[in-house]
1. Taking only region 136-160 into account, find how many residues are over 15 Å from the mean Cα position of the chain (by Cα) and farther than 19 Å from LEU228 by Cα.
2. Please go through region 153-172 and pick out each residue that is outside any loop (DSSP other than H, G, I, E, B), surrounded by 20 or more Cβ atoms within 10 Å (Cβ to Cβ) and among the small types (Gly, Ala, Ser).
3. One residue is enough: does region 24-40 have a residue meeting the conditions out of contact with any Phe, Trp or Tyr (no Cβ under 6 Å at 6 or more places or on another chain), under 20 Å from HIS4 (Cβ atoms), at pLDDT below 95 and surrounded by fewer than 24 Cβ atoms within 10 Å (Cβ to Cβ)?
4. How many residues does region 189-236 contain that are assigned to a loop (DSSP other than H, G, I, E, B), polar (S, T, N, Q) and surrounded by 17 or more Cβ atoms within 10 Å (Cβ to Cβ)?
5. Hey, among the residues in region 140-152 that are aliphatic (A, V, I, L, M) and surrounded by fewer than 23 Cβ atoms within 10 Å (Cβ to Cβ), which one's farthest from PRO67 (Cα to Cα)?
6. From the set of residues in region 1-23 that are modelled with pLDDT of 95 or more and acidic (Asp, Glu), which is surrounded by the most Cβ atoms within 10 Å (Cβ to Cβ)?
7. Kindly check whether there is at least one residue in region 110-125 that is in contact with a Phe, Trp or Tyr (Cβ under 9 Å, 6 or more places away or on another chain), crowded, with 21+ Cβ neighbours inside 10 Å and not charged (D, E, K, R).
8. Cβ-Cβ distance below 7 Å, separation of 6 or more or different chains: which pairs start in region 172-196 with a residue that is under 29 Å from ARG99 (Cα atoms) and of a type in the set (Ser, Thr, Tyr) and end on one that is assigned to a helix (DSSP H, G or I) and modelled with pLDDT of 95 or more?
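The values are calculated or read from the model by the stated rules, or taken from the named source; none is laboratory data. Everything quoted here is computed from the prediction, not taken from an experiment. As a convention, Cβ positions derive from the backbone with ideal geometry for all residues, glycine included, and neighbour counts pool all protein chains shown.
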Amino acid sequence: MTPHNEAAAGDYAEAILLPGDPLRAKWIADTFLEDARCVNKVRNCLGFTGRYKGRPVSVQATGMGQPSLAIYVHELLTLYGARKLIRVGTCGAIVEGVRVRDIVIAMTASTDSAMNVAVTAPWHFAPCADFALLRAAVAGAERAGLRWHAGGIVSADQFYNPAGLAAFEPLRAHGVLAVEMEASALYTLAARHGAQALAICAVSDSLVTHEELSAAERQSSLEDMARLALDVATGAGG
């Protein structure tokens, strides 16, 4: 038990999905898990544990942004025995060719956050995904016939950047595909504690074309992403 989590030891599975939104955590548990039970309600950052295709798995909301995610991930890794963490969320495309409803599987996660400066200075640490999880996600996306991209993303501290797409020009010039707000901290903490981590994001909008998913389209994309992430997390995808 911590100030942020009321779960008891053993309440979480070693494999955990990490949506930002607590209601999305509940939706994943209600929709996909067998015998799901709520293990955390502190601050309404909901956590659940159940089984997917007979295999144990948990879902824990992290809130928005890297500082919030870092609290939950640190505690899951150091106090609750988590070993495999998969972020499931949405992202905004920042390059042509990445379209709404596509799935982005993040190989690396750049950031404008200063969170790592004090820890890794004078070095600029390069957070990256676990290769085994990455490979499994790509194979699963191909089997499911999803439109997917594997590449770099950026975890930004600002959601409403006044510069818009122009803010990402240096990253676009180096092939970064999309922007979200959490993956860099996840990859860093997993590396620090010797765990596996991956971020799988559904593209909900494009800063290039200004397209946005409708509510119905967004739900369909989230279902594809959740199934893919659960298959990867539990090894149930073949």
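1. Total meeting the criteria: 4.
2. SER155, the sole residue that qualifies.
3. Yes, there is a match, as at least one residue in region 24-40 is out of contact with any Phe, Trp or Tyr (no Cβ under 6 Å at 6 or more places or on another chain), under 20 Å from HIS4 (Cβ atoms), at pLDDT below 95 and surrounded by fewer than 24 Cβ atoms within 10 Å (Cβ to Cβ).
4. Residues flagged as assigned to a loop (DSSP other than H, G, I, E, B), polar (S, T, N, Q) and surrounded by 17 or more Cβ atoms within 10 Å (Cβ to Cβ) within region 189-236 amount to 0.
5. Applying the filter and picking the extreme gives ALA144.
6. Looking at residues that are modelled with pLDDT of 95 or more and acidic (Asp, Glu), I get ASP11.
7. Scanning region 110-125 turns up no residue that is in contact with a Phe, Trp or Tyr (Cβ under 9 Å, 6 or more places away or on another chain), crowded, with 21+ Cβ neighbours inside 10 Å and not charged (D, E, K, R).
8. If the second residue must be assigned to a helix (DSSP H, G or I) and modelled with pLDDT of 95 or more, the pairs left are SER184/GLN66.
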